[in-house]
Amino acid sequence: MNYYGQLSNEKITELSKELPNLIVDNVQSFFQQPVAHVLTIYNCRKFFGVADGAYLYSDKTLETKLEIDSSYNRMDFLLGRFERTASEFYSKYAANNELFDDEPIKIMSPLTENILCSVDYEQIRTRRTENFVYLHEKFKNINKLKLTIPTGAFAYPLYLENGAEIRKELQQEKIYIPTLWPDVFDVCKENDLEYNYAKNILPIPVDQRYGNEEMAYIVERIKACIN
């Protein structure tokens, strides 16, 4: 699992020599090129305005015939967010995520594929990288994680000892920082590193909807909560 795009291709190459059946999960690193001959998966909905869709990189031919997916019935929460607030559609967004727990592997739907064909990937990659760099300059001295700067970042992981409390305070100001992997709280103990990471890492959004003005506001509010 390439968390926050922090796993380099050099490291993946090393691992592939030790693990011949290595599968790399680049769900949080869409713009990172795959390593040759290493199975790699990518997720579209974490980076773009689609409700589903993923890519599998492989140098092997898929012999199983797959059903073609359809997406029209998953798009309402995305369309709603264009005209209303995101919070109004959060429950539908969460329900859409849960749909994939039991969903079989399919070919990407024509609707999702068509939307992705209209995406300005270079602009998105540049904006996400710039936002990550901006946040890193502001938080690198207090972030307990030592980070490299990924291309087209998924989010900026700010690890604070009281990250969970900061998250709650930000919610009061309508700044919503998600808790990733909440299932960790059910399977790990409170003193486990995984528990601490899931609880106190703030994955700050850096996506293409935001620029320096929004990043500056988030920095201001987080520092105010810290102080």
Conditions (1) over 16 Å from the mean Cα position of the chain (by Cα); (2) assigned by TED's automatic domain parsing to the domain that holds Phe31: number failed by Tyr134: (2)
May I ask you to verify whether Glu14 is of a type in the set (Asp, Glu), outside any loop (DSSP other than H, G, I, E, B) and more than 19 Å from Glu98 (Cβ to Cβ)? yes
Region 159-175, subset surrounded by fewer than 14 Cβ atoms within 10 Å (Cβ to Cβ) and closer than 20 Å to Ala86 by Cβ, residue modelled with the highest pLDDT: Lys168
Working only within region 176-195, note down all residues that are surrounded by 12 or more Cβ atoms within 10 Å (Cβ to Cβ) and either without any contact (Cβ under 8 Å) to a residue 24 or more places away in the chain or outside the structural domain of Asn143 (by TED's automatic domain parsing) (or both). Thr179, Leu180, Trp181, Val184, Phe185, Cys188, Asp192, Glu194, Tyr195
Which residues, counting only those in region 96-125, are more than 22 Å from Ala155 (Cβ to Cβ) and modelled with pLDDT under 80? Leu99
When you look at Arg127, is it surrounded by 12 or more Cβ atoms within 10 Å (Cβ to Cβ), basic (Lys, Arg) and either assigned by TED's automatic domain parsing to the domain that holds Val27 or more than 26 Å from Tyr4 (Cβ to Cβ) (or both), yes or no? no
Suppose the filter is of a type in the set (S, T, N, Q) and under 16 Å from Glu220 (Cβ atoms); does Gln123 pass it? no
Consider region 196-213. How many of its residues are surrounded by fewer than 16 Cβ atoms within 10 Å (Cβ to Cβ) and part of a helix (DSSP H, G or I)? 2
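Conditions tested, residue by residue: (1) over 20 Å from the mean Cα position of the chain (by Cα); (2) in contact (Cβ under 8 Å) with a residue 60 or more places away in the chain; (3) not assigned by TED's automatic domain parsing to the domain that holds Asn43.
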{"position": "Glu161", "(1), (2), (3)": "yes, no, yes"}
{"position": "Leu202", "(1), (2), (3)": "no, no, yes"}
{"position": "Gly211", "(1), (2), (3)": "no, yes, yes"}
{"position": "Arg221", "(1), (2), (3)": "yes, no, yes"}
Among residues of region 191-227, those that are closer than 15 Å to Leu135 by Cα and acidic (Asp, Glu), counted: 4
For region 146-158, name all the residues that are under 26 Å from Arg45 (Cα atoms) and surrounded by fewer than 17 Cβ atoms within 10 Å (Cβ to Cβ). Thr148, Ile149, Thr151
I need the full set of residues from region 57-79 which are surrounded by 13 or more Cβ atoms within 10 Å (Cβ to Cβ) and either in contact with a Pro (Cβ under 8 Å, 6 or more places away or on another chain) or at pLDDT 90 or above (or both), in order please. Tyr57, Ser58, Asp69, Ser70
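The values are calculated or read from the model by the stated rules, or taken from the named source; none is laboratory data. Owing to the predicted nature of the structure, the values given are computational and were not obtained by experimental measurement. Every residue, glycine among them, receives a Cβ derived from its backbone with ideal geometry; neighbour counts consider all protein chains shown.
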